[in-house]
Amino acid sequence: MITFKIMDKAKPFIKWVGGKGRLLEQFERYYPNELKKGAIKNYVEPFLGGGALYFSILEKYEIQNAYLSDLNRDLILTYRVIQKRPDTLLDFLEQYQKRYDETAPDKRYDLFLAVRKHFNEQRFEINYKKISDNWASRASQFIFLNKTCFNGLFRLNSKGEFNVPFGKYKTANIFNPDNITAVSHALQNAEIVETAYKGCWTSVDNKTFVYFDPPYRPITKTSSFTTYTGSEFTDKQQIELAEFFQKLDKEKGAKLMLSNSDPTGINPDDTFFEKAYQGYIINKVSANRAVNRNGAGRGKISELLITNYGGSDES
Ligand SMILES: C[S@@+](CC[C@H](N)C(=O)[O-])C[C@H]1O[C@@H](n2cnc3c(N)ncnc32)[C@H](O)[C@@H]1O
């Protein structure tokens, strides 16, 4: 396979809760030296979301193969459309941009509701397994909703309907051809899969860097935000993930990095992650997180960065 380095800088094409854009510089110090020195060329990210880390790593290091996955089926459908049919998607997005801009501000709410309704009704007609003609239109609705809904949230109700309210934005950046083209280039050597995180197992070997960014373990009772897929990511699942981390470490010898929220800022006695990741290196980096609507949730919060290797440096 040909090693590629893209010219344009691809960035996440959606706003995503837990997006790592603002933490990239701080995270870089903790990447394995093997990646920095070119000995690792395989990258795996099984909680992909907006993909900020992937795009940044691809730009800086020689990645030949990537395995990218997430359980959110419409998110993955959209990535696959960008990979395979960026031009068709851009035609749809251009139309949506025009409609949004030409609609009077007091009528945009109706436009938003109409797209949301169509998006929800259309879900039964989609075959998520195989790319087909209706995928590009669905991907454009997914992006439209992400750019116009409240805070770019993704939340499904118990029926599986997207139910985030309108964001009331004066402007919305729906059509961004330069970035969609850059993202499409950045995805050409990637395998993009809709699956739970354990699906990455066979794509990992001892020359792989795996980055896990699971839904945060809520640090306060009211800060729970684990609705990207319509189901919760409970403490039990956090423990199962820690066991999977250990198994990959022991049986595959890959370099592993995992982030999560640091509960000790709120409750110093909460040693959940120390117990779950005993024997591994737990670093703390500072994050400016703005998930909650009330001011209290917007302060600087520590983020945990857990690795199965030490000795990273800034070279
Ligand atoms: C914190 S976000 C990832 C954010 C991402 N790193 C970014 O920069 O935008 C967590 C992601 O995990 C996905 N997810 C939730 N449960 C999952 C599971 N069991 N397996 C795989 N992905 C899951 C969600 O759909 C969501 O996109």
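Throughout, read-outs are computed from the coordinates displayed, never taken from laboratory work. Being a predicted model, the structure only gives us computed values, none of them experimental. Don't worry about glycine lacking a Cβ; one is built from the backbone with ideal geometry, like all the others, and counts go over all protein chains shown.
With each label modelled as a point 7 angstrom along the Cα→C-beta vector, the T171-E28 pair spans 2.8 nm. Pairs of Cα atoms nearer than 8 Å and 6+ residues apart set the relative contact order; for the chain it is 23 percent. Comparing mean-square fluctuations of N189, N72, N176 from a GNM of the chain with C-alpha springs under 10 Å, the top value falls on N176.
As a proxy for reagent exposure, K9, K159 were ordered by neighbouring Cβ count within 10 angstrom, fewest first; the result is K159, K9. The share of Cα pairs per 10 Å bin across region 52-206, counted from zero up to the longest distance, runs 10, 37, 36, 15, 3, 0 percent. Taking 29 Å as the limit for the C-alpha separation, the pairs K198/K284; K147/K284; K60/K130; K147/K207; K84/K252 exceed it in the case of K147/K284; K60/K130; K147/K207; K84/K252. The rule of thumb for compact globular proteins, 2.2 N^0.38 Å, goes into the C-alpha radius of gyration of region 175-214 1.51 times. Beta-bridge orientation, the chain: approximately 50 percent antiparallel, per DSSP, counting only bridges with both partners inside.
Spatially, region 87-129 and region 132-196 are offset by 10 Å when compared through their Cα centroids. For a straight C-alpha distance cut-off of 18 angstrom, the aspartates and glutamates reachable from K20 (same-chain residues fewer than eight places away being disregarded) are E28, E45, E59, D70, D213, D262, E303. Compared with the direct C-alpha span, the chain from Q64 to E94 gains 7.6 nm at full extension, assuming 0.36 nm per residue. Residue farthest toward the positive end of the dipole of the chain, with Cβ of Lys/Arg at +1 and Asp/Glu at -1: which of G51, N308, F166? Checked the options; the winner is F166.
Just going by the charge dipole of region 85-181, with Lys and Arg at +1 and Asp and Glu at -1 on Cβ, which of N157, T103, I143 is farthest out on the positive end? Going by the charge dipole, the pick is N157. Mean projected area of the Cα convex hull of region 1-79, taken over all directions, amounts to 5.7 nm². Taking each DSSP H run with n ≥ 4 as -39500 (n - 2.57) and averaging over every residue of the chain yields -10500 deg cm²/dmol at 222 nm.
Ordering R217, R123 by the number of other Cβ atoms within 10 Å of each residue's own Cβ, fewest first, gives R123, R217.
The E232 and Y128 beta-carbon pair, evaluated with R₀ = 22 Å, returns a calculated FRET efficiency of approximately 0.50.
Within the listed set Q246, Q83, Q122, the Gaussian network model of the chain (springs between alpha-carbon atoms below 10 Å) gives the highest mean-square fluctuation for Q122.
Here the relative contact order of region 75-178, from alpha carbon pairs under 8 Å that lie six or more residues apart, stands at 37 percent. Distance between the 7 Å Cα→Cβ label points at K117 and E251: 5.0 nm. Remark: E102, E59 ranked as E102, E59, counting other beta-carbon atoms within 10 Å and listing the fewest first.
Remark on region 133-197: hydrodynamic radius 14.0 angstrom, per the Kirkwood mean of 1/r across alpha carbon pairs. Take the Cα of T181, step 7 Å toward its Cβ, do the same at T202, and the gap between the two points is 3.7 nm. As a ratio to 2.2 N^0.38 Å, the alpha-carbon radius of gyration computed for the chain takes the value 1.00.
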